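What follows is one structure encoded as structure tokens, with my remarks underneath.
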Amino acid sequence: MKGVHHKSSRNKLSTRDRKKLSGEDLNTIDETVGQRKKQSGEDLSELDHRVEFRDIISQLPEHIIHHILSLLRDTKDAARTSILSRKWRQIWTSFSILKFDQQKIQEQEGCLEMRNKTKTFKDFVANSLNNHLKRKLSIQKLVLHITSYDLELAPHMDHWINIAIENNMKELDLHVVVKKSRYYYLPQTVFASNTITGLRLHGCKLKFRSNIKLPQLQKLYLHKVHVDQQIVDNLISSCPLIEDLRFVHCTGLQNLQVSSLLKLDRVEVHHCHVPKEIKVNAPNLQTFWYCGKKSLPCKIDLVACVFLKRLTLEDANMTDEMFQDQFARFPFLEILDLSKCNNLKNLTISSTQLKKLVLRGCKNLMEADIDAPNLFSFEYKGDKMPFSFSNPSSLKAAKFSFEPVQIDSHESHLGDADPLWFFRLRELLEKLKHSSGLKLIVRSKKNVIIHEELEEVLLPPQSDLKLEIIKPLTCFEDLLDNLLRTCHPEILSIVSSSSSEFPKLVYEKMMHRGENPNCCPYNTQNKCWRHSLKGIKIENFEAASGKSTPDWISWLKSSPTLQHQTTSYRLSW
């Protein structure tokens, strides 16, 4: 077209040019111009969105960016964030947490032979450390994840750790995969550092040191570490500022004697070999967590820890008397977790401070009288219902997981093993029914029932049941999102009053998910339920009959009283 010469006339024709064109041509041009405008508008909108997103991540505070970088697996991943913006690039170059994962670095470099793999890893770590030091940057934390350890690698590891210590490293996280009992021995310089505040060691061996001095050490985590009893004693006595002390699957620990640590806040001992006694004399201890082995009894003495708030015990050798003696010594206890304590039979738990209670897998527990008026959360897992509550008025969340009962090698109904279980559950629900907003969720295999109120309870005759009493903190959407995220039920039923809007709200929430949900744009692996739910069908009780009717629907239909209060949806995933 002759009349279209300038940029400004692309979207506008002169009167003379328009006269030369037929009406059909004009319509075509108008449509084309309209499409270009629309496309241009969409492009600008997308550009604005990208710029807005770029601005948001650039405006994050520096300490938040440092925290994000610290969560990435290794140094290479952290380096890639430098393309996000100039601010991220500047912060990355001064980032003081160095992470080196041997397996990941070797895979990224594409090495096939083991000799080349090891050399590639060594060169990468050495070059990274040298470049960091050339810029005269400090090292806040050094993380080494060694998956193919051998004696040839040991002196290089010593060198890297020594460089970090010379540059005032504060935290060392060392994970060594142990094969054929080849342990890595930590260099002596680690035990004479004036700056280290945290040690997290996995798969190492600690030799006896008489001259340990770690005046700033606050956290000590030992996992699959072979220790010498004397070095443990020396560590504890030479580190006055320790706040967090953990031993997990360690060997060589005969006794754990802890005293004179005024800042000690947490102690954990998990499945360690041969400790015969644990004695903690720490007046400010807040958390104690012990998981023992059935064949290796261990005496636990926490008499001096009168301000303890969180106690977790997995001890198959603990008797009723031992527990009652320990529990009575902690008047400020807020969280109590008892797991696999198979010697426990009859318990009395009375406390005005207790807020959370967990009874999990205590197979021989027959009676647990609970008097905790301020209890907020309760969790139980077992094949009976041995507990009763005096005053559960403050309870806002409760989970019950009833396991299949084996009687004469056959799986039986829960009531066959514990005839009182339903009575006790009914008694608990009766005490809670006046609590505002509580809902009961019943799960059995692939089916779920939500009771909007606790007065009419529908429980299926199944051998495995999971019950949950909850109070959604905000709205029903949180309840539904959590339920459909954690399980994909085939039939979802709601028991409610005839005037309730709850079933309608649930149905609309599921139906309005959209054909192509865009709710998880940055989560490619763990998308929400909206991406898995394919279809929803309202179940018709009157039409349900014949052999093809699922057992669950037949059971619901057999209860005519509750049938008229029940709305069921069949979901396909």
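Listing for the model above:
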quantity: Selection count where residues are under 17 Å from Asp265 (Cα atoms) and within 27 Å of the chain's Cα centre (by Cα), scope segment 314-331; calculated: 0
quantity: Residue match in segment 530-540 (condition: at pLDDT below 85 and open to solvent by 70 Å² or more (accessible area, probe 1.4 Å)); calculated: yes
quantity: Residue ID - most open to solvent (accessible area, probe 1.4 Å), chosen from residues in segment 382-402 that are assigned to a loop (DSSP other than H, G, I, E, B) and of a type in the set (Gly, Ala, Ser); calculated: Ser390
quantity: Cβ-Cβ under 9 Å pairs, at least 6 apart or on other chains, segment 210-222 side under 17 Å from Cys250 (Cβ atoms) and open to solvent by 40 Å² or more (accessible area, probe 1.4 Å), far side of a type in the set (Ser, Thr, Tyr) and assigned to a loop (DSSP other than H, G, I, E, B); calculated: Lys219/Thr197
quantity: Verdict on Leu336 being modelled with pLDDT of 95 or more, buried (at least 16 other Cβ atoms within 10 Å of the Cβ), in contact with a helix residue (DSSP H, G or I) (Cβ under 8 Å, 6 or more places away or on another chain) and not in a helix (DSSP H, G or I); calculated: yes
quantity: Output for segment 78-112, where each listed residue is part of a helix (DSSP H, G or I) and modelled with pLDDT under 70; calculated: Ala78, Ala79, Ser82, Ile83, Trp88, Arg89, Gln90, Ile91, Trp92, Thr93, Glu109
quantity: Qualifying residue in segment 266-282 (condition: closer than 20 Å to Cys305 by Cα, within 22 Å of the chain's Cα centre (by Cα) and open to solvent by 70 Å² or more (accessible area, probe 1.4 Å)); calculated: no
quantity: Selection within segment 466-507 - open to solvent by 60 Å² or more (accessible area, probe 1.4 Å), among the acidic types (Asp, Glu) and under 24 Å from Pro392 (Cβ atoms); calculated: Asp478
quantity: Residue in segment 185-215 that is nearest to the chain's Cα centre (by Cα), counting only those that are over 23 Å from Asn167 (Cβ atoms) and assigned to a loop (DSSP other than H, G, I, E, B); calculated: Gly203
quantity: Some residue of segment 309-316 being out of contact with any Lys or Arg (no Cβ under 9 Å at 6 or more places or on another chain) and under 22 Å from Phe402 (Cβ atoms); calculated: no
quantity: Residue pairs meeting the criteria (Cβ under 6 Å; at least 6 apart or on separate chains; first part of a helix (DSSP H, G or I), in segment 481-494; second surrounded by 16 or more Cβ atoms within 10 Å (Cβ to Cβ)); calculated: Leu484/Trp529; Arg485/Trp529
quantity: Residue check, Asp464 of a type in the set (Asp, Glu), modelled with pLDDT of 75 or more and touching a Phe, Trp or Tyr at 6+ places or on another chain (Cβ under 8 Å); calculated: no
quantity: Test: residue in segment 162-184 that is in contact with a His (Cβ under 7 Å, 6 or more places away or on another chain), in contact (Cβ under 8 Å) with a residue 40 or more places away in the chain and in a loop (DSSP other than H, G, I, E, B); calculated: yes
quantity: Pair list, Cβ < 9 Å and 6+ apart or interchain, from segment 128-150 residues that are open to solvent by less than 20 Å² (accessible area, probe 1.4 Å) and in a loop (DSSP other than H, G, I, E, B) to residues that are at pLDDT 85 or above and among the basic types (Lys, Arg); calculated: Ile139/Lys170
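Quick grid of which residues meet (1) under 22 Å from Tyr183 (Cβ atoms); (2) not in a loop (DSSP other than H, G, I, E, B):
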{"site": "Leu217", "(1), (2)": "yes, no"}
{"site": "Tyr221", "(1), (2)": "yes, yes"}
{"site": "Ile236", "(1), (2)": "yes, yes"}
{"site": "Pro240", "(1), (2)": "no, no"}
{"site": "Leu245", "(1), (2)": "yes, yes"}
{"site": "Leu256", "(1), (2)": "yes, yes"}
{"site": "Lys263", "(1), (2)": "no, no"}
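The values are calculated or read from the model by the stated rules, or taken from the named source; none is laboratory data. This is a predicted model, so every value here is computed, not measured. All Cβ positions, even for glycine, are placed from backbone atoms using ideal geometry, and neighbour counts span all protein chains on display. Each accessible area value is taken on the protein alone, full model and side chains, heavy atoms only, with ligands, DNA and RNA left out. Shrake-Rupley method; radii C 1.70, N 1.55, O 1.52, S 1.80 Å.
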